[in-house]
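Computed from the coordinates by the stated procedures, all read-outs in this text should not be read as laboratory data. None of the values given here were measured: they were computed from a predicted structure. Positions of Cβ are backbone-derived with ideal geometry, glycine not excepted, and every protein chain shown enters the neighbour counts.
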DNA sequence: ACAAAATATGTAATCGATTACAAATGTATC
DNA sequence: GATACATTTGTAATCGATTACATATTTTGT
């Protein structure tokens with residue numbers, strides 16, 4: 001069964017293709033009677049719009065590209081869910097690519113925008129190589145590129161993110177409030193904006209509270225479980241062990257706790273540990289993880305809405321640069337008084 | 001800067017658009033000299049192919065739709081990575097949609113195929129409603145629909161999956177080999193093929209080994225952490241507690257262990273626990289989880305390759321129905337002799 | 001009742017790449 | 001040197017929806 005076209009519908013409804021097209025995309029301009037006739041014809045023929053044709057004519061792809069550093073990272077899934085939800089509602093599709101592959105295959109990111117495969121781009125990777133960022137900045141439709149979660153410090157792209165500084169301060173204050181004065185930090189990747197921002201906020205807040213901070217109490221990690229394990233070994237080897245550790249991600253915290261437990265240290269008895277993100281598993285971890293919650297679904301939804309607004313009505317006042325979403329403290333059992 | 005078209009390239013290279021098109025898609029049919037001239041012109045104009053135009057003319061979308069039940073489930077990410085890798089290599093894009101949204105928005109799945117948005121479909125959800133499955137079966141291009149991981153028993157779609165039965169038997173034998181004779185099972189969702197298949201294989205293997213199986217030793221779950229917790233409560237309440245539990249997923253196992261530990265039962269001291277899948281976290285869990293490993297990346301790659309073969313050369317002998325990929329036993333610390 | 005304005009519909013060009021077919025050019029064979 | 005054959009290139013139709021513009025129809029105001 002071949003799919004039917006606008007022509008077929010027009011023939012059955014006994015009108016021109018122009019009328020059918022109008023009926024479908026802008027019903028108010030056609031009369032009640034033709035509207036009904038066309039609707040019947042559409043049903044009778046089983047008409048489905050051909051996206052390729054529409055896209056060619058309208059110069060729109062009706063899809064958005066989402067770029068992630070690593071598809072296998074569960075952190076992104078809820079964000080994707082949020083993006084997908086908003087896009088689907090507007091009849092847009094969601095394309096996915098990983099920055100890794102794009103790099104490997106020598107494909108240029110900007111091609112997606114240039115070759116009419118996507119109308120816009122949501123980038124979840126702040127760690128893009130400098131030359132890639134320059135390429136994006138020089139593109140013809142920079143206003144259709146938007147960063148979420150992460151961002152690039154030097155470039156001037158709009159972004160959606162959570163309160164990283166505030167979240168960090170809340171975390172430190174939670175530990176301080178429990179009575180901890182020797183607080184350590186396991187950072188994210190040192191070349192990552194999130195890692196940087198959280199680390200800076202950590203240092204500032206400790207200073208504000210007048211707490212001591214030995215250099216070795218800042219352990220460089222990279223958001224992964226493995227890095228958390230390594231940091232645990234560092235902690236174990238310390239003479240003057242901090243009584244609390246704020247980790248830049250939940251995965252770090254889990255790796256840290258896992259390694260500690262292999263060496264018979266208990267959390268929070270020997271050390272309080274906090275994460276950041278509040279991923280699904282944080283609640284089920286042993287012990288359940290105290291964390292800074294960011295609403296990833298909402299980050300995704302917000303990013304998609306902002307981007308669509310920019311695509312559909314570019315000249316409006318919806319050209320705001322950054323949206324910062326709130327975080328909240330989720331207290332569970334991995335933190336306690338020292 | 002407006003993007004340039006084939007026409008522009010043709011003008012600069014002083015040839016017809018036909019020649020440019022041929023040079024790009026089938027270089028061997030043009031002479032060495034024009035090939036060079038066109039290549040230069042492409043570079044000079046910064047030409048990028050317009051996908052919408054190509055797709056319209058060739059009646060191909062050059063993209064594949066991947067359908068998942070739930071984007072927020074980390075289990076799928078490695079599979080997506082595998083799919084994406086293969087597709088990108090062939091110049092195909094990956095569209096993502098969740099069966100949930102599609103259902104909510106009243107959109108018909110088959111539309112993606114019919115309206116030229118996607119050339120094929122990889123479905124990672126065996127739990128599609130009956131009417132949806134019927135709709136898919138009645139579609140015009142059923143040969144371009146392929147299931148991965150899960151599948152639908154009644155329908156006749158090709159699929160890629162792991163050795164679910166063999167994996168289950170290996171698991172049971174591992175526990176039996178350690179000396180366990182009272183082995184329980186926490187199933188996946190009862191209406192899910194994977195849950196069903198693993199449960200059946202479990203029952204069969206216990207029968208083959210001549211082991212007792214009390215009805216209550218089969219606890220119905222649904223692959224989630226929460227279900228694992230509930231099962232733990234059942235286990236605790238039993239008079240005659242099994243000494244080993246085989247869980248249909250790692251998440252189940254983690255939830256089970258987490259809840260047990262809240263009630264001061266230790267794994268594997270009080271009970272040995274196994275999972276299925278070997279997700280990333282299994283290794284870092286406390287205790288590290290013994291599991292049946294399936295190579296999710298390879299499942300994704302295999303699915304993508306099979307689908308592309310069917311799309312590109314449909315009449316070939318690449319119409320095999322099912323590919324079953326091997327699993328392996330990964331022994332860690334959650335299992336021990338009773 | 002008639003002009004002006006508003007509404008509804010049709011005609012045909014257009015988006016940009018592909019490809020069947022025709023035409024031109026070059027090469028081999030006797 | 002003529003013919004058949006292979007190679008290379010060009011012409012123009014085509015994919016299916018959208019939309020500027022023209023035209024037909026109805027409504028409104030006086």
Q: Report, to the nearest 10°, how far helix B:164-177 tilts away from the longest principal axis of the Cα atoms in chain B, using its own Cα long axis and a range of 0 to 90°.
A: 30 degrees
(Q) Need the C-alpha centroid separation for the range B:70-141 versus the range B:1-24, integer Å. (A) 35 Å
(Q) At 222 nm, what value in deg cm²/dmol follows for the protein assembly as shown if DSSP H runs of at least 4 each add -39500 (n - 2.57) and the sum is divided by all its residues, to the nearest 500? (A) -13000 deg cm²/dmol
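What FRET efficiency, computed as 1/(1 + (r/R0)^6) with R0 = 25 Å and r the Cβ-Cβ distance, is obtained for residue A:331 and residue A:208, rounded to the nearest 0.05?
Between residue A:331 and residue A:208 the formula returns 0.70.
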Q: Calculate the mean, over all residues of peptide A:6-13, of how many other protein chain Cβ atoms lie within 10 angstrom of the residue's Cβ.
A: 0
Q) Which FRET efficiency, nearest 0.05, do residue B:39 and residue A:313 yield, Cβ-Cβ r, R0 41 Å? A) 0.55
Q. Could you give, in nm with one decimal, how far residue A:209 is from each other copy of that position, shortest first, with labels 7 Å out from Cα toward Cβ?
A. 5.1
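Can you tell me the alpha carbon radius of gyration of the range B:158-237 divided by the globular rule-of-thumb value 2.2 N^0.38 Å?
Details: Rg = 12.9 Å, N = 80, 2.2 N^0.38 = 11.6 Å.
That works out to 1.11 for the range B:158-237.
If each residue of separation counts as 0.36 nm, what is the full-extension length gain between residue A:191 and residue A:265 once their alpha-carbon separation is subtracted? Please report the intermediate quantities before stating the final value.
Working: separation 74, 0.36 × 74 = 26.64 nm, distance 3.09 nm.
Gain on extension, residue A:191 to residue A:265, equals 23.5 nm.
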Q: Evaluate peptide B:199-207: per residue, the Cβ atoms of other protein chains within 10 Å of its Cβ; return the mean as an integer.
A: 0
Q) Taking a spot 7 Å from the Cα of residue B:322 along the direction of its beta carbon, which residues of the range B:191-213 have an amide N less than 18 Å from it? A) B:191-205
Q. In chain A, what residue has the beta-carbon at the shortest distance from the axis of the rotation relating A to B, and what is that distance in angstrom, rounded to the whole number?
A. A:74, 2
Q | Dimensions in Å of the protein assembly as shown - Rg and Dmax from alpha carbons | A | 27.8, 88
Q) Relative to the other copies, what are the label-point distances for residue A:240, with labels 7 Å from Cα along the C-beta vector, expressed in nm at one decimal and sorted shortest first? A) 6.1
Q. What is the packing order of peptides B:42-55, B:325-338, taking the mean over residues of other C-beta atoms within 10 Å and listing the highest first?
A. B:42-55, B:325-338
Q) Distances from residue B:131 to the same residue in each other copy, label points 7 Å out along Cα→Cβ, in nm, shortest first? A) 5.4
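For a Förster distance of 51 Å, can you work out the FRET efficiency between the beta-carbons of residue B:241 and residue A:26, rounded to the nearest 0.05?
On the way: r = 68 Å, r/R0 = 1.33.
Here the calculated transfer efficiency is 0.15.
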Q: Please determine, in degrees from 0 to 90 and to the nearest 10, the orientation of helix A:296-312 with respect to the longest principal axis defined by the Cα atoms of chain A, where the helix direction is its Cα long axis.
A: 40 degrees
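Could you sort the peptides A:19-31, B:289-301, A:194-206 by per-residue average Cβ neighbour count (10 Å cutoff), highest mean leading? Don't jump to the answer; show the numbers that get you there.
Working: A:19-31: 15.5, B:289-301: 23.2, A:194-206: 19.9.
The packing order, highest mean first, is B:289-301, A:194-206, A:19-31.
Once the Cα gyration tensor of the range B:6-49 is found, what semi-axes does its equivalent ellipsoid get, as square roots of 5 times the eigenvalues, in whole Å, sorted largest first?
Working: eigenvalues 41, 20, 17 Å².
Each semi-axis is √(5λ); the values are 14, 10, 9 Å.
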Q.
Students often check this: by mean Cβ neighbours within 10 Å, which of B:129-135, A:176-182 ranks highest, and how do the rest follow?
A. A:176-182, B:129-135
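Summarise the partner chain shielding of A:51-63 as one whole number: the mean count of Cβ atoms from other chains within 10 Å of each residue's Cβ. All intermediate terms of the calculation are to be shown ahead of the outcome.
Details: counts 10, 15, 6, 4, 8, 8, 2, 1, 2, 1, 2, 2, 4.
Across the residues of A:51-63, the mean count of other-chain Cβ atoms within 10 Å is 5.
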(Q) If I fit a long axis through the Cα atoms of helix B:193-209 and take the longest principal axis of the Cα atoms of chain B, what angle between them do I get, 0 to 90°, rounded to 10? (A) 40 degrees
Q. Using the Cα gyration tensor of the range B:164-294, with a ≥ b ≥ c the square roots of its eigenvalues, what is the shape: rounded (a/c below 1.5), prolate (a/b larger than b/c) or oblate (neither)?
A. rounded
